[in-house]
Amino acid sequence: MATRAARNVLKGAEGKAPPEDSMEMDPHDLVRMLWRHKYVILGTVLAAIAAVLFYLARATPLYTATTTIEVKTGQDLGAQMQGAARAMTPQDEVRIATHMELLRSPVLGQDVVRDLNLDKDAEFVPADLDASLPDDKDEAEAVRLAAVTEQLFDRVQVARVGQSALISVSATTTDPEKSAEIANVIAGTHRKNLVREQKSVTKREIAAAEDRAGTLRREALEGERMAVAQSKAAGAAGGLDSQSAISTAGLSAQLSEAKAARAAAETRFSQLGRIGGGVAGPGSAASPLLADLRSQQATLDKRIAELSAQFGPGHPDLRAATAQQAEISSRLVEEMARVRQEAAAEVSAARAREGQIAADLAAAQGRVTRAADASVTVSDLQHSASTNRQLYLSQLARLQELRGEENSLRPDASIVAKALVPIEPASPKPGRLLAVAVAGGLLLGLVLAFAVEVMDRRIRTSLQVRRITGLNTLALVPELTAGRADVDPLVQLREEPGSAFSETIRSLMLDVVGYVRGVGRVLVITSSLPKEGKTLLSVSIGAAAALSGRRTVVVDLDLRRPAVASMLKVEIGEADLNQCLTMPGVLDSETVSAAIVPHPEVDRLSVLGARELPADAGSLLASERVDDLIRILRKRYDLVVLNAPPILPVRDAKYLARLSDVCLLVVRWGRTGPDALRAASEILGRSVTAAVINRVNLKRHADSKYGDQLQHFQSYASYYGGRKEAA
C-alpha cells in the first residue's frame, strides 16, 4: 500500500510549516484584522459619540469671564529710570504672590458675596446648607457666608499670566453676565482694599508724625525758654544785652514758623506740579472751581465710555460729550495754571519772609554771640535749642509730605483689562468633545478589536491550521444550506454541479485520488470533536467520486453515531458492517458483498454501514477484521472512504489512519479551537495527511479579508453556476 509517498506529496515538498512563534506576520495582516472587526471599531466610535451627545444634551453651559490685573513691581520703576526693562527680583515675585493670595482671601470673597448678594443666588448656596445651619442667628449667618464664599472660590480661578506681572481672575458660572460681573467685582474690591489699607497706614504714620512733631516743638520751646532765662542771668551778671537775647528768641521762633510756612507752600506747589486727576486731586482744596471741573471731567469720562460701548464713535451724543470734555479740559488747564501761579507767588512770599527774618535773626544773633562769650552755659543751651528746632522743622516737613500723599494715593495694582461678557460657553465645547469622542472611541475600538482578535481563537484560515499543526489545508469547503441538518449533498452535486460547494468537493476528491496510483485507494476522514461535519464530507467526497465514474464505497466506521446511511437515504439490510466484523472464521468477499448496499440513484456509489449500534464499538474497530475488510474493499473499489470517529473522544481513527492511503483531519470553520486541533494532530502524528476546513461561511470569510484564496470570493462568485452561494 504505497501510501507514504502520497502523504509526503500532500503535505508539500517542504514538510510541516514552522511553529506559530516562528511565523513572520505579514504587514497586511494588521489591516485585515482591523477590517474584520470594523463594526466593533465603528460601534465603539458611535457609542462614544452618542455618549457625548447625551452629555451635551443634559449638560449645563458654563461661561467664563476673565479680568487681568497688573502688579507694579521694581521692574516698572527701573524701566522708567533707566529706559530699559530688567528682570524680576525676588521681592517682585513675593509681591506678585502676595497679590494672588489676597485675591483668594476669604475676607475679599465675603465682600464680593455681600456686594453681589450671592448668598441669595441658588447657584452659590449649597442645597442642604439651610438644614445644617446652627440655631444662633449670628453664627448661622457666619456659616452661611463662609459656605457661599467657598462655593464662589470653587468657580473662580486666580493665576499668573506666564512669568509676567499680570494676574488673571476668571469666574465661571451658568450666566455670562454674572461671570463678567463677578470677575470685575473681585478685581475692583481687591483694588479698593489696597487703597483702604494704604490710607490706613498713611493715617497711622501721620498720627505718629504729629505726636513726634508736638514733642519736638515742646522741647524746642522749652530749650529756648531756658536759653533766654540763662541769657538774662548771664546779662545781669556780666552786662549781657538781654534785649538782644529776647529779640533773637523771638526772631528764631518767627523763623521756625516762616520755614514751616515755606515748607508747606513748597509742598503744595510740588503737588500742583504733578499730573493730577479726580475730584480729590492736587489743588482741590485751594480751588473749589478746580474740584468742580475735575468732577465734571470724571462724569464726562464715564459717559463717553458708556456712549462708546453703546453707540460707537459716530453718534451725536458721543461727539457732543467729547466736545464738552475738551472744553472742560481746557478750563481745567487754565484753572490749574492759575492755581500754580498763586502757589508760586505764595512760595516766593514765604521765602522772602523767611529770608528777612533770617537776616534779622543773624543780626540779633551776632549781638548775642558777642555777648555770649561771657557764659559757656548760654551757648550750650542755644545750641541744644537750635538742634531741637531743626528736628522739629524736619518732622514738620515730613508731616506736610504725608498729608499731601494722603490725597494722592495710588495702589500698586491696576486693572488693565476688564472682563467682557462671554459670547460662547467655556464648557462644554461640542466640537472639542466630539473630537475627543471620535479619537477616544477609535482608540478604544482598536483596543477592543485587538482584544476580540486575541480572545477569538477559533480556526478560520489555513494559515492558522499550518501554524498550529504544520499541516497543509487541501480545501475550504463552503457551508451547505446553513441552518439545516437534513442536507443532501447528492442533490447539490447533481443539480448544481457548478456551485462553490460542488466545485470544492470535486477538487478535494481529485486531490485525494490524484496522488495515489491505481485502484483501491483508501481515504480516512476524522475530526477533533463531534459535529464538525466529517460525515457530510465523507458522503460528499464519495458521491463526487462516484459521479465522476469511480467505483466508490463509503464505510461508516463511526459505529457509536452512524449517520452515513441516513444522510444518503439508504436502508441497511440484515447483513451489515457489524456482521462483517463479528462473524466467526475468515472474512470472505461474499459476506462483504452481502453487507454493501448500492445507492439507488447514483451508480458506482455504495454504502457499508451498521444496522444497529454494537455493544463494544471500540473492540470491533481494533480487531484484525478491519484489516481484512479494507483489503477486500481495495480490490473491488477505486476509492474507499472511511468515516472514522472523532479522534479526541476515542482513538479509533488513529488505528484506521495507519491502514489508509490518505487521512484528512476535518476542522469546522469558526468553531474548532486551536487546543482541540493541536491535540488531534499530536494524537494522529505522522498518520494524518492534511486538513480540510469545513462548513465555511463564504461571504463572511471573504468579508473578513483573511488573505487566502477565499478573500476574492465576492469577485469571482458569479463564476460558479450556482447563485445561492454567490448571493
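The values are calculated or read from the model by the stated rules, or taken from the named source; none is laboratory data. These numbers were taken from a predicted model, which means no experiment stands behind them. Please note: Cβ atoms are built from the backbone with ideal geometry, for glycine as well, and neighbour counts cover all protein chains shown. With ligands, DNA and RNA removed, areas are computed over all heavy atoms of the protein, side chains included. Shrake-Rupley method; radii C 1.70, N 1.55, O 1.52, S 1.80 Å.
General observations
- Single condition S660 does not satisfy, out of (1) assigned to a loop (DSSP other than H, G, I, E, B); (2) more than 30 Å from T591 (Cα to Cα); (3) open to solvent by less than 10 Å² (accessible area, probe 1.4 Å): (2)
- The set of residues from region 115-132 being small (G, A, S) and assigned to a helix (DSSP H, G or I) comprises A131, S132.
- Matching residues in region 533-567 - criterion: being open to solvent by 10 Å² or more (accessible area, probe 1.4 Å) and assigned to a loop (DSSP other than H, G, I, E, B): G533, S548, G549, R550, R551, D558, R560, R561, P562, A563
- Number of the condition not met by R466 [criteria: (1) under 23 Å from L664 (Cα atoms); (2) open to solvent by less than 50 Å² (accessible area, probe 1.4 Å); (3) at pLDDT 85 or above]: (2)
- Scanning region 469-488 for residues that are at pLDDT below 85 and open to solvent by less than 20 Å² (accessible area, probe 1.4 Å) turns up L480, V487.
- If you filter region 279-301 down to residues that are touching a helix residue (DSSP H, G or I) at 6+ places or on another chain (Cβ under 6 Å) and among the aliphatic types (A, V, I, L, M), you find that the one that is modelled with the lowest pLDDT is V279.
- Qualifying residue in region 378-387 (condition: at pLDDT 80 or above, surrounded by fewer than 16 Cβ atoms within 10 Å (Cβ to Cβ) and part of a helix (DSSP H, G or I)): yes
- Candidates R678, R634, R625, filtered to the one that is within 54 Å of the chain's Cα centre (by Cα), touching a residue at least 40 places away in the same chain (Cβ under 8 Å) and more than 21 Å from L568 (Cβ to Cβ): R678
- Matching option when the condition is closer than 19 Å to A449 by Cβ, open to solvent by 50 Å² or more (accessible area, probe 1.4 Å) and either modelled with pLDDT under 85 or hydroxyl-bearing (S, T, Y) (or both), among L30, L46, L77: L30
- Only listed residue being surrounded by 13 or more Cβ atoms within 10 Å (Cβ to Cβ), touching a Lys or Arg at 6+ places or on another chain (Cβ under 8 Å) and not aromatic (F, W, Y), chosen from S308, S287: S287
- Selection from region 618-639 of residues that are under 12 Å from V592 (Cα atoms) and among the acidic types (D, E): D628
- Hits in region 139-161 (condition: surrounded by 15 or more Cβ atoms within 10 Å (Cβ to Cβ) and either assigned to a helix (DSSP H, G or I) or at pLDDT below 85 (or both)): A140, V143, R144, L145, A147, V148, T149, Q151, L152, F153
- Residue that is farthest from the chain's Cα centre (by Cα), among those in region 123-138 that are open to solvent by less than 90 Å² (accessible area, probe 1.4 Å) and within 16 Å of E150 (Cβ to Cβ): L133
- Qualifying residue in region 306-323 (condition: among the polar types (S, T, N, Q), at pLDDT below 80 and on the phi < 0 side of the Ramachandran plot): yes
- For region 628-657, the set of residues classified as more than 24 Å from T591 (Cα to Cα) and among the charged types (D, E, K, R) consists of R651, K654, listed by residue number.
- Among the candidates A207, A187, A229, residue that is open to solvent by 50 Å² or more (accessible area, probe 1.4 Å), assigned to a helix (DSSP H, G or I), out of contact with any Cys (no Cβ under 7 Å at 6 or more places or on another chain) and small (G, A, S): A229
- Number of residues in region 637-656 that are closer than 16 Å to V513 by Cα and aliphatic (A, V, I, L, M): the value is 4.
- Of everything in region 677-720 that is part of a loop (DSSP other than H, G, I, E, B) and at pLDDT below 75, the residue that is surrounded by the fewest Cβ atoms within 10 Å (Cβ to Cβ) is G707.
- Counted residues, region 108-141 - those being without any contact (Cβ under 8 Å) to a residue 60 or more places away in the chain, of a type in the set (A, V, I, L, M, F, W, C) and more than 10 Å from L152 (Cα to Cα): 6
- Meets criteria (touching a residue at least 12 places away in the same chain (Cβ under 8 Å) and open to solvent by less than 30 Å² (accessible area, probe 1.4 Å)) for V586: no
- The residues in region 489-532 that are assigned to a helix (DSSP H, G or I) and among the polar types (S, T, N, Q) can be counted, and the count is 4.
- Residue match in region 347-354 (condition: surrounded by 17 or more Cβ atoms within 10 Å (Cβ to Cβ) and either within 60 Å of the chain's Cα centre (by Cα) or modelled with pLDDT under 75 (or both)): no
- Hey, V570 in a loop (DSSP other than H, G, I, E, B), open to solvent by 10 Å² or more (accessible area, probe 1.4 Å), under 27 Å from V513 (Cβ atoms) and without any contact (Cβ under 8 Å) to a residue 60 or more places away in the chain or not: yes
- Within region 244-266, considering residues that are surrounded by fewer than 19 Cβ atoms within 10 Å (Cβ to Cβ) and of a type outside the set (A, V, I, L, M), the one farthest from the chain's Cα centre (by Cα): S247
- Scope region 454-463; condition over 17 Å from L664 (Cβ atoms) and either part of a helix (DSSP H, G or I) or among the charged types (D, E, K, R) (or both); matching residues: V454, M455, D456, R457, R458, R460, L463
- Count of region 355-371 residues, restricted to those that are modelled with pLDDT under 80, open to solvent by less than 70 Å² (accessible area, probe 1.4 Å) and farther than 14 Å from S252 by Cβ, is 1.
- Residue match in region 84-98 (condition: at pLDDT 90 or above, part of a helix (DSSP H, G or I) and not hydrophobic (A, V, I, L, M, F, W, C)): yes
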